[in-house]
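Since the structure comes first, as structure tokens, the remarks are kept for the end.
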Amino acid sequence: MTALANRLSDLLKELEPQMVAWRRHLHQYPELSFQEEKTPAMIAGLLREWGMDEVRTGVGGRGVVATLRGGAPGPTVAIRADFDALPIQDQKDVPYRSKVPGVMHACGHDAHTAELLGLAAVLARHREEIPGSIRFIFQHAEEELPGGAVAMVEDGAVDGVDAIFGAHLWSMAPVGRVWIGAGPIMANADDFVIEVKGKGGHGAIPQETVDSIVIGAQIVTNLQTIASRNVSPLDSVVVTIGTFHAGDNANVIADSCRMTGTVRTFLPHVRDRAEQRLKEIAEGVAGMLGGSAEVTYLRGYPAVINTEAEAEIAREAAIAACGEAHVERMQPLMGGEDFSYYLEKVPGAFLFVGAGNPEKGAVWPHHHPRFDLDERAMLIAGEVLGRAALSWLSRHRP
Ligand code: NI
């Protein structure tokens with residue numbers, strides 16, 4: 001008999017109509033981060049129906065975790081999918097568009113869920129052939145800080161897990177291709193607020209004021225030296241000011257100004273250095289010019305760092321599924337993902353699966369009101385993740 005891994009493609013293909021139906025159902029009834037109710041209930045119902053050994057709900061809040069014990073004792077590999085939606089109005093003209101005003105699956109987490117459900121259904125039917133256990137992790141609230149992963153990890157989602165794999169579908173890359181890399185592949189994603197206080201007054205009498213806009217402008221300019229002067233040219237850092245608000249009148253000197261922004265880095269010491277310099281520069285510049293600045297720095301998701309061995313297993317799985325010509329080395333992205341919290345506990349790899357296709361209208365970026373994806377990408381992602389998990393188990397057999 002052919003090894004289970006090599007039959008995954010056919011087994012998932014048989015389930016394709018069902019996977020598409022799950023995805024489109026979730027697409028029509030999206031739920032916001034930390035407010036998911038029907039989605040985890042549907043997932044848990046199906047997992048129980050398939051006879052998983054343990055199905056836990058409410059994990060870390062709203063997550064669902066199930067374990068499938070295979071026919072032979074062995075280690076445990078986890079596979080994770082997220083299931084939350086975004087506060088965006090769906091503007092697509094398709095029969096499965098969102099029925100919930102202002103809420104939309106605009107990042108493809110509906111498809112992540114459907115693909116992992118499909119894989120779980122297939123593996124449950126062929127559990128005798130699995131040399132160990134598979135943990136299915138369905139995670140709530142990936143889109144909103146502090147994210148669902150950190151609480152799920154605290155609540156034991158990866159206790160007893162030896163390795164973990166996950167994937168994100170990607171509409172900006174063609175369906176049929178996979179990107180995988182070792183080491184840091186997604187960034188530490190931090191936000192900050194800078195409140196500058198000066199002293200307001202008449203626009204024609206500056207000598208009696210402390211101009212918060214002049215201070216703010218100097219801060220923006222000087223923050224550029226974090227990347228150019230404080231961090232090694234070989235390391236990555238982005239400091240972006242996204243908003244700058246001050247003043248109401250052309251002839252009034254504003255007494256305060258408020259800026260918000262984001263800092264993206266890969267390495268912990270670069271993250272620490274950027275945070276420290278951001279505070280020193282804002283406070284120092286404001287003080288030098290007679291005002292003051294208060295910095296609130298909010299650490300977001302840590303960097304996603306794939307372990308070498310697991311990234312290689314995932315790469316081989318992708319090659320087996322798609323052919324070597326369709327598997328590429330991933331360049332790190334400066335975006336954030338809370339898959340990082342699982343990787344802080346266990347080795348593993350996170351990969352990207354192309355889901356774009358102009359013929360199916362899947363040409364819009366993630367978080368766009370017309371976002372859609374080529375649903376065939378679910379079969380590819382399901383197969384790659386399934387192959388990676390099975391391959392990891394058979395290589396680590398006791
Ligand atoms: Ni996403």
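Cβ-Cβ distances below 6 Å connect the following pairs, each with a first residue in segment 96-122 that is within 17 Å of residue 46 (Cα to Cα), a second residue that is of a type in the set (Asp, Glu), and a separation of six or more residues or different chains: 112/82.
Hey, does segment 73-80 have a residue that's surrounded by 24 or more Cβ atoms within 10 Å (Cβ to Cβ), under 17 Å from the mean Cα position of the chain (by Cα) and of a type in the set (A, V, I, L, M)? Yes, segment 73-80 contains a residue that is surrounded by 24 or more Cβ atoms within 10 Å (Cβ to Cβ), under 17 Å from the mean Cα position of the chain (by Cα) and of a type in the set (A, V, I, L, M).
Every test in (1) crowded, with 16+ Cβ neighbours inside 10 Å; (2) assigned by TED's automatic domain parsing to the domain that holds residue 277 is passed by residue 228 save one, and that test is (1). When segment 25-45 is filtered for residues that are surrounded by fewer than 21 Cβ atoms within 10 Å (Cβ to Cβ) and over 17 Å from residue 58 (Cβ atoms), the ones remaining, listed by number, are 25, 28, 29, 32. In segment 248-363, counting only strands (runs of 3 or more DSSP E) that sit wholly within it, the ones holding 3 or more residues that are crowded, with 16+ Cβ neighbours inside 10 Å span 256-265, 292-298, 304-306, 348-356.
Where in segment 137-194 are there strands (runs of 3 or more DSSP E), lying fully within it, with 3 or more residues that are in contact with a Phe, Trp or Tyr (Cβ under 6 Å, 6 or more places away or on another chain) and in contact (Cβ under 8 Å) with a residue 24 or more places away in the chain?
On the way: elements: 163-174, 178-180, 183-186.
Output list reads 163-174.
Scoring residue 134 on the criteria (1) under 14 Å from the mean Cα position of the chain (by Cα); (2) β-branched (Val, Ile, Thr); (3) in a strand (DSSP E or B) leaves a single failure, condition (1). Return the pairs, sorted by first residue and then second, in which the second residue is assigned to a helix (DSSP H, G or I) and small (Gly, Ala, Ser), the first residue lies in segment 31-57 and is closer than 17 Å to residue 151 by Cβ, the beta carbons are less than 7 Å apart, and the residues are 6+ apart or on different chains. Every condition considered, the pairs that remain are 57/44.
Regarding segment 202-209, can at least one residue be identified that is within 17 Å of the chain's Cα centre (by Cα), surrounded by fewer than 19 Cβ atoms within 10 Å (Cβ to Cβ) and among the hydrophobic types (A, V, I, L, M, F, W, C)? Scanning segment 202-209 turns up no residue that is within 17 Å of the chain's Cα centre (by Cα), surrounded by fewer than 19 Cβ atoms within 10 Å (Cβ to Cβ) and among the hydrophobic types (A, V, I, L, M, F, W, C).
Taken as a whole, segment 361-374 holds no residue that is in the same structural domain as residue 106 (by TED's automatic domain parsing), more than 16 Å from the ligand (Cβ to nearest atom), closer than 27 Å to residue 100 by Cβ and free of Cβ contacts under 8 Å to residues at least 60 places away in the same chain. Screening segment 92-131 for residues that are closer than 15 Å to residue 169 by Cα and among the acidic types (Asp, Glu) and picking the one that is farthest from the ligand (Cβ to nearest atom) gives 115. Taking residues in segment 67-90 that are within 14 Å of residue 113 (Cα to Cα), and partners anywhere that are at pLDDT 95 or above and of a type in the set (Gly, Ala, Ser), the pairs with Cβ atoms closer than 6 Å and at least 6 places apart or on different chains are 79/389; 80/166; 84/33; 84/141. Checked against (1) touching a Gly at 6+ places or on another chain (Cβ under 6 Å); (2) within 16 Å of the ligand (Cβ to nearest atom); (3) farther than 30 Å from residue 296 by Cβ, residue 186 passes all but a single condition, namely (3). Evaluation of residue 114 against the conditions (1) outside the structural domain of residue 378 (by TED's automatic domain parsing); (2) buried (at least 24 other Cβ atoms within 10 Å of the Cβ) shows that the sole unmet condition is (1). In segment 84-111, of all residues being out of contact with any Gly (no Cβ under 9 Å at 6 or more places or on another chain) and within 17 Å of residue 355 (Cα to Cα), the one that is surrounded by the fewest Cβ atoms within 10 Å (Cβ to Cβ) corresponds to 107. Name the residue, out of 53, 82, that is assigned by TED's automatic domain parsing to the domain that holds residue 96 and modelled with pLDDT under 95. On inspection, the qualifying residue turns out to be 53.
The values are calculated or read from the model by the stated rules, or taken from the named source; none is laboratory data. These figures come from a predicted structure and were not determined experimentally. Positions of Cβ are backbone-derived with ideal geometry, glycine not excepted, and every protein chain shown enters the neighbour counts.
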